[in-house]
Amino acid sequence: MGITTVSTIAELKALSAQLLAAAPGPAGHGGGTLGLVPTMGALHRGHAELARAAVAENAVVVASVFVNPLQFGDPVDLERYPRTTEADLAVLDAAGVDIMFAPPVEEMYPGGEPAVRVTAGRLGELYEGASRPGHFDGALTVVAKLLHAGRPDTGLAPADPAGRQSYRAYFGQKDAQQLALVRRMVADLNFPVDIVPVPIVRDSDGLALSSRNRFLSDGERDAALVLSRALRLLRRRADAHEPLDIPSAEELVHMTPGVELDYLEVVDPGTLAARAENCQDTPFTGQALALIAARVGPVRLIDNVTLG
Ligand code: PAF
């Protein structure tokens, strides 16, 4: 059976329960499991990878496509965010997704902007949060709502003996700060769902895929490659247990015309707290995450790489 589109939470819950009831196989083989892939549409191969990861290990897979006004500070940014519903449907269908949940704004926020929201706390004010105040509060609020909306009322298997939940949500590692905050929210607020991270997908020249790449001119796209180059430089040094020498990686970015570096930080992969390797003369040991953000022409891009 191909993909079905629904636009209300009631339809979503009814259809996912029905599909779960019809899905074969014991819980240990994917039966009674549901994967949720939250997206804002404008889907690319990175999203297809999220969807495929969910399809590979769940009986039923739902992908949401909702451009969430709450996480945009700038109304112009919200307005020009690409909306490509027909193409999105084709991507999800090809990946084997069962249901596309594409609610209108009134379905997600029937009373208008919610008065009560999830707050991301201190971590929500760092890195991406520093230049996008309120962004992570808006993103976490909609993720909380989507996690509730996507959880079927019947048909889920109990957690498996290893403690793995039968309800799972899939997030890309490219948005490392969002992923860390979603994990924190789920742990701190006891959401009964497993958060599954999915690796970054890159073009063959190293550029991390992003819905915003379509706004880059050819020249800007070439310039944007410096983000992944700077990260690769840090990874080479980490692999060789050399000092990371972050200023020289920053210099690489500063020297690229048309690219304005916002931050290049080496952080703890779990908490995203800054790590001592930011003082650059100690040899690298252990594990860390290098985060980078830069403006390239009209577009703000982020990328990251695991070190160690
Ligand atoms: O990463 C995104 O596309 C969005 O922030 C998300 C998680 C779908 C919430 O709107």
Tally of residues being under 22 Å from Gly129 (Cα atoms), without any contact (Cβ under 8 Å) to a residue 24 or more places away in the chain, charged (D, E, K, R) and not in a loop (DSSP other than H, G, I, E, B) across the range 228-279: 1
Residues within the range 155-175 that are of a type in the set (A, V, I, L, M, F, W, C) and either touching a residue at least 12 places away in the same chain (Cβ under 8 Å) or crowded, with 20+ Cβ neighbours inside 10 Å (or both), tallied: 4
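To keep it simple, each residue is scored yes or no on (1) surrounded by fewer than 19 Cβ atoms within 10 Å (Cβ to Cβ); (2) within 12 Å of the ligand (Cβ to nearest atom); (3) polar (S, T, N, Q).
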{"site": "Gly35", "(1), (2), (3)": "no, no, no"}
{"site": "Pro69", "(1), (2), (3)": "yes, yes, no"}
{"site": "Met100", "(1), (2), (3)": "no, no, no"}
{"site": "Ala139", "(1), (2), (3)": "no, yes, no"}
Residue list for the range 219-230, filter: in contact with a helix residue (DSSP H, G or I) (Cβ under 8 Å, 6 or more places away or on another chain) and either open to solvent by less than 20 Å² (accessible area, probe 1.4 Å) or farther than 25 Å from Gly286 by Cα (or both): Arg221, Ala224, Val226, Leu227, Ala230
Selected residue (criterion: farthest from the ligand (Cβ to nearest atom)) from residues of the range 114-137 that are among the basic types (Lys, Arg) and more than 17 Å from Asp74 (Cα to Cα): Arg122
Count of the range 134-166 residues which are part of a helix (DSSP H, G or I) and of a type in the set (Gly, Ala, Ser): 5
Residue count, the range 201-218 (criterion: open to solvent by 50 Å² or more (accessible area, probe 1.4 Å), assigned to a helix (DSSP H, G or I) and in contact (Cβ under 8 Å) with a residue 12 or more places away in the chain): 3
Qualifying residue in the range 42-52 (condition: open to solvent by 30 Å² or more (accessible area, probe 1.4 Å), in a helix (DSSP H, G or I) and either touching an Asp or Glu at 6+ places or on another chain (Cβ under 7 Å) or more than 15 Å from the ligand (Cβ to nearest atom) (or both)): yes
Matching option when the condition is assigned to a strand (DSSP E or B) and either away from the ligand (no atom under 14 Å from the Cβ) or touching a Leu at 6+ places or on another chain (Cβ under 6 Å) (or both), among Ala224, Ala187, Ala169: Ala169
Candidate set from the range 107-125 (those that are within 13 Å of Val142 (Cα to Cα) and not in a loop (DSSP other than H, G, I, E, B)); member that is most open to solvent (accessible area, probe 1.4 Å): Glu107
Tabulated pairs, the range 1-19, first without any contact (Cβ under 8 Å) to a residue 12 or more places away in the chain, second surrounded by 18 or more Cβ atoms within 10 Å (Cβ to Cβ), C-beta under 7 angstrom, 6+ apart or interchain: none
Meets criteria (surrounded by fewer than 17 Cβ atoms within 10 Å (Cβ to Cβ) and within 16 Å of the ligand (Cβ to nearest atom)) for Leu78: yes
Sole exception among (1) away from the ligand (no atom under 11 Å from the Cβ); (2) open to solvent by 40 Å² or more (accessible area, probe 1.4 Å); (3) over 14 Å from Thr33 (Cβ atoms) for Gln178, by number: (1)
The range 53-82: number of residues that are without any contact (Cβ under 8 Å) to a residue 24 or more places away in the chain and either touching a Pro at 6+ places or on another chain (Cβ under 6 Å) or not in a loop (DSSP other than H, G, I, E, B) (or both): 7
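The values are calculated or read from the model by the stated rules, or taken from the named source; none is laboratory data. Fair warning: this is a prediction, and the values are worked out from it, not measured in the lab. Glycine also receives a Cβ, built like all others from the backbone with ideal geometry; neighbour counts cover every protein chain displayed. Note: areas computed on protein heavy atoms with side chains; ligands, DNA, RNA excluded. Shrake-Rupley method; radii C 1.70, N 1.55, O 1.52, S 1.80 Å.
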